[in-house]
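Written out below as structure tokens is the structure these notes cover.
The values are calculated or read from the model by the stated rules, or taken from the named source; none is laboratory data. Since we're looking at a predicted model, the values are computed, not measured. Note: ideal-geometry Cβ built from the backbone for every residue, glycine included; neighbour counts use all protein chains shown.
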Amino acid sequence: MIRRGGGAGQAKVAARAAQQAGSGFRWIGAGFVALALAAWGVAAKAQGDVTVSHAITTFGDPPKYPADFPHLDYVNPDAPKGGEISQWAFGGFDSLNPYSVQGRAAALASAPYESILTATADEIGTSYCLLCETMEYPADRSWVIFNLRPDVTFADGTPMTAEDVLFSYQTFLTKGLTDFRTVLAEQVETAEVLGPQQIKFTFKTGIPTRDLPSEVGGLPVISKAHYEANGLDLEKSSMTPFLGTGQYVLDRVDVGKSITWRRNPDYWGADLPINRGRGNFDTIRFEYYADYDAAFEGFKGGDYTFRTEASSITWATRYDFPAMASGWVKKEEVPSGAKASGQAFMFNLRRDKFTDPRVREAIGLMFNFEWSNATLFYGLYDRIDSVWENSMMEPEGPPSPEEVALLQPLVDEGLLPAAILTDPPVPAPTSGERQLDRRNLRAASALLDEAGWAVGDDGLRRNAAGEVLRVEFLNDSPSFDRVIIPFVENLKALGVDAVLTGIDNAQMESRTRPPAYDFDIVVGNARSGYLSGSELKQFYGSATADVSAFNIMGLKSPAVDRMIDVVMGAQSMDELTVATKALDRVLRAERFWVPQWYKAADWVAYLDMYEHPANLPPYALGELDFWWFNAEKAEALRAAGAIR
């Protein structure tokens, strides 16, 4: 299913997310749907110490939906099928392979692919069978068997078998995004086909196994026969998509300009309870724009029909065009319970000038969020402090005794400062009403002096070798210049040779992805799951710091690595909560970011021909998933000249 998480106010990152929606690794992952032993009524049947079930939860609580549920609570099971929804995407694309660092994958490039397990938008920590009928696993979760549905077919009508699942796993193990390869190699001992519709994964000993069945169950499945017959390569950029089982297939493409996905009328899973009321649009189209303002003008002109707004100034001042005045366009603020995206300025820790945390702290002091929010954002945003902002995992105040117990050994070994045991987590700095906060300027100056970056006769900071402290901000969205320029000006007042370099989307991709990592500071995301697990190694682990498309800052911290292991090994929700809060404190102490802002709502505007359930789920807006097209409203708009 196509799902898109809720969020708010992240203009630049949201712009890129529009381009990359579905183009990242479509892996359910431990962060959202981890597993554990469970036994719940008739839905899960214990056979000795083996559980057989349609769903599985992190710590053994019953899943929300029993085996015989008719449909998800938040959908309209009778939603009509038909129509088109269209959105915008940023920059361009030159590939339909979402699993390679080569090329720029098109929006929703992973839409044709499904995984054995899937998640819902109203529940955290549960995964449900999609390509499987049931799964089997022992009490220690050392292996899992997936009993696949016999009626699953690829988009060309050929049957999917366990051989395709095994082939997909083996391909991802050796090709594609390297950080996922690393995780698979560390965790899976063997994968074996037990029958045409049965596959077993056995996990390595000596590692936490809580989340492993969900991780292998979240791998995309592609057709082995199609892959081999067409000479495809997961490693390479390609305009030939792989063959998957998903409900959407490629329809039309104008390379770099637009792409349209079409609902497969013969989709095998249309009648599954978990799919009722979902996948309602006949086509989903994305139009590409070079910058944010051009995209907004395109929406005003009717080039696309649904817009998730991420610019506060646009939301506050620019929705006054004729289609709004005529009532043709609806503007809606939808509350969201989604965790904040972790949007931030990200340091490239691979650069020697950023190895001293005092330098990073000093630079962070010069971003004035309070002035930006009041002057640029119309007071619409809240500051991000935590990697788990707007979730139950966000720590507050001094650490609890349970957290101290986890942190104390790291302090004793000199991996963390002693203050982490008594102080609140490192906050985002606060500033005054003026753009240049003099108090923060003095504090930042003292930090740079201590770090050996003294002010020279020309007013620039230099180290003992005479090297100037130069900081380059890379930006591929001109609409974000107004945010970065005041930051640059404040840094110049500090004696930092700060510059803003505008580049295009293609350059941004090539300079920020491995192996180049050719940047000082870019806007990115400090990623996390609601219930996190081994995906944290992809985001923050030392082993992936120089190969990951997600650990963009190149964080290598023994303390973080140790805490990730503790999170992965948690055996209860209480243990996981304590471990995650402790990890958040450690991550924030590393000062690898300058956190930005979020809003616990989705800002959307769309032609008044779309409808959604009255009670939307907390963790996804779902406009491409469970909204639907009202043909009568569309006809009225067409008669009025509102749509072409």
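Quick rundown of the values:
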| quantity | calculated |
| --- | --- |
| Matching residues, the stretch 486-528, being among the hydrophobic types (A, V, I, L, M, F, W, C) and under 21 Å from the mean Cα position of the chain (by Cα) | Ala506, Met508, Ile521, Val522, Val523, Ala526 |
| Filter result for Ile222 (touching a Leu at 6+ places or on another chain (Cβ under 7 Å), of a type outside the set (Ser, Thr, Tyr) and more than 21 Å from Tyr99 (Cβ to Cβ)) | no |
| Number of the exception - Ser326 against (1) within 20 Å of Phe473 (Cα to Cα); (2) polar (S, T, N, Q); (3) assigned by TED's automatic domain parsing to the domain that holds Gly641 | (1) |
| Candidates Asn264, Asn230 - the one that is closer than 30 Å to Leu607 by Cα and not acidic (Asp, Glu) | Asn264 |
| Number of the condition not met by Ala605 [criteria: (1) touching a Leu at 6+ places or on another chain (Cβ under 6 Å); (2) modelled with pLDDT of 95 or more] | (1) |
| Qualifying positions in the stretch 377-417 - among the aliphatic types (A, V, I, L, M) and modelled with pLDDT under 95 | Leu380, Met392 |
| Leading residue by the ranking (surrounded by the most Cβ atoms within 10 Å (Cβ to Cβ)) among those in the stretch 509-530 that are part of a loop (DSSP other than H, G, I, E, B) and hydroxyl-bearing (Ser, Thr, Tyr) | Ser528 |
| Residue tally, condition at pLDDT below 90 and more than 23 Å from the chain's Cα centre (by Cα), over the stretch 175-196 | 0 |
| Condition check for Val165: among the aliphatic types (A, V, I, L, M), assigned by TED's automatic domain parsing to the domain that holds Gln102 and under 21 Å from Gly533 (Cα atoms) | no |
| Criterion (more than 14 Å from Asp291 (Cβ to Cβ) and acidic (Asp, Glu)) met by exactly one of Asp476, Asp497 | Asp497 |
| Of residues in the stretch 392-429 being buried (at least 19 other Cβ atoms within 10 Å of the Cβ) and not aliphatic (A, V, I, L, M), the one farthest from Phe369 (Cα to Cα) | Glu403 |
| Filter result (modelled with pLDDT of 95 or more and either under 30 Å from the mean Cα position of the chain (by Cα) or assigned to a loop (DSSP other than H, G, I, E, B) (or both)) within the stretch 624-644 | Leu624, Asp625, Phe626, Trp627, Trp628, Phe629, Asn630 |
| Test: residue in the stretch 395-406 that is more than 30 Å from Gly337 (Cα to Cα) and not assigned by TED's automatic domain parsing to the domain that holds Gly125 | yes |
| Criterion violated by Leu250 - all others in (1) closer than 25 Å to Gly82 by Cβ; (2) part of a loop (DSSP other than H, G, I, E, B) satisfied | (2) |
| Matching entry among Ile145, Ile199 (being without any contact (Cβ under 8 Å) to a residue 60 or more places away in the chain, surrounded by 23 or more Cβ atoms within 10 Å (Cβ to Cβ), part of a strand (DSSP E or B) and not assigned by TED's automatic domain parsing to the domain that holds Gly529) | Ile199 |
| When residues of the stretch 566-583 are limited to those that are assigned to a helix (DSSP H, G or I) and more than 21 Å from the chain's Cα centre (by Cα), the one surrounded by the most Cβ atoms within 10 Å (Cβ to Cβ) | Ala582 |
| Sole exception among (1) of a type in the set (Gly, Ala, Ser); (2) surrounded by 22 or more Cβ atoms within 10 Å (Cβ to Cβ); (3) closer than 23 Å to Pro595 by Cβ for Ala493, by number | (2) |
| Single residue of Ala526, Ala549, Ala543 found to be modelled with pLDDT of 90 or more, of a type in the set (A, V, I, L, M, F, W, C) and either more than 23 Å from Ile384 (Cα to Cα) or touching an Asp or Glu at 6+ places or on another chain (Cβ under 8 Å) (or both) | Ala543 |
| Filtered residue count, the stretch 304-360, keeping only those that are in a helix (DSSP H, G or I) and under 22 Å from Ala639 (Cα atoms) | 4 |
| Identity of the residue in the stretch 371-390, outside any loop (DSSP other than H, G, I, E, B) and of a type outside the set (Lys, Arg), that ends up nearest to the chain's Cα centre (by Cα) | Asp382 |
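Residue-wise test of (1) surrounded by 22 or more Cβ atoms within 10 Å (Cβ to Cβ); (2) farther than 30 Å from Ala428 by Cα; (3) out of contact with any strand residue (DSSP E or B) (no Cβ under 6 Å at 6 or more places or on another chain).
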| residue | (1), (2), (3) |
| --- | --- |
| Gln596 | yes, no, no |
| Ala600 | no, no, yes |
| Trp603 | yes, no, no |
| Asp608 | no, yes, no |
| His612 | no, yes, yes |
| Asn630 | no, yes, no |
| Glu635 | no, yes, yes |
| Ala640 | no, yes, yes |
| Arg644 | no, yes, yes |
